Amino acid sequence: MLFDPGIEIVECPGVYKPDEDSILLIESLEVEPGDDVLEIGCGSGVVAIHCAKAGANVTAVDINPQAVECTILNAERNGVEIKVRVSDVYDRVQGRFDLIIFNLPYLPVEEEGMEAAAWSGGHDGLTPLRKVLEGMEEHLSEGGRLIVVICSLMDNNSLRELLEPYNIRKLGSRSLFFERLNVLEICVPEES
């Protein structure tokens, strides 16, 4: 999908603003009209809005109520309909989706609080990824995909172990000042 600079995003206090990782994620996505999409950690709504403009049926959730309000504001501003609610990962999510997207907090730091929830990935950077993988099969449609952003600062050995049971495909990559970001597609292997 192409990043559309014409989409107007209002930055909201206390909400993760779109940055290089958001643009990389958008440019790495393959979304079809009619796809049922769940974005976890929607922040400002920029990814969800791009998906909605591509014709997807989008549900967007965030643990931060300010992010939910920001996504609603930005969706209205851009004339798209998105179901938005407060949820910690899958806590308030029902149904199955063709695509689950999570620009997860990946920095290996253990900071607390609502704002830190946007970047703190725990001691190894993998705590949010573990949580999204735990409920993935329950929320993905058959043949569905999970798309996440990972970072070279994560504990790479633990990351390899965590992803070992899944089929993985790298969709995009970008080097920034002190880190390398990769967008991964994670799929549950088909039973033989």
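Numbers below:
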item: Isolated Cys residues of the chain, judged by Cβ distance under 4.7 Å to other cysteines; result: Cys42, Cys51, Cys151, Cys187
item: Stretchable slack from Glu137 to Cys187, in nm (0.36 nm times residue separation minus alpha-carbon distance); result: 17.1 nm
item: Given 16 as the ceiling on other Cβ atoms within 10 Å, longest exposed-site-free region of the chain for trypsin sites (Lys or Arg not before Pro) in DSSP loops; result: 97-192
item: DSSP beta bridges in the chain [antiparallel fraction, %, rounded to 5]; result: 40 percent
item: Relative contact order (percent, whole number), the chain, Cα cutoff 8 Å, 6+ residue spacing; result: 19 percent
item: Net +/- balance of residues flanking Glu179 in space, Cβ distance below 14 Å, scoring K and R +1, D and E -1; result: -2
item: For the chain, calculated [θ]222 nm from helices alone, where every DSSP H run of n ≥ 4 adds -39500 (n - 2.57); result: -7000 deg cm²/dmol
item: Dmax and Rg, reported as Rg then Dmax, of the chain (C-alpha, Å); result: 15.3, 49
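Only the coordinates and a few stated rules stand behind these numbers; no lab work does. In this text the structure is predicted, and so the values were computed from the model without any measurement. Cβ coordinates were reconstructed from backbone atoms using ideal geometry, including for glycine residues, and neighbour counts include every protein chain displayed.
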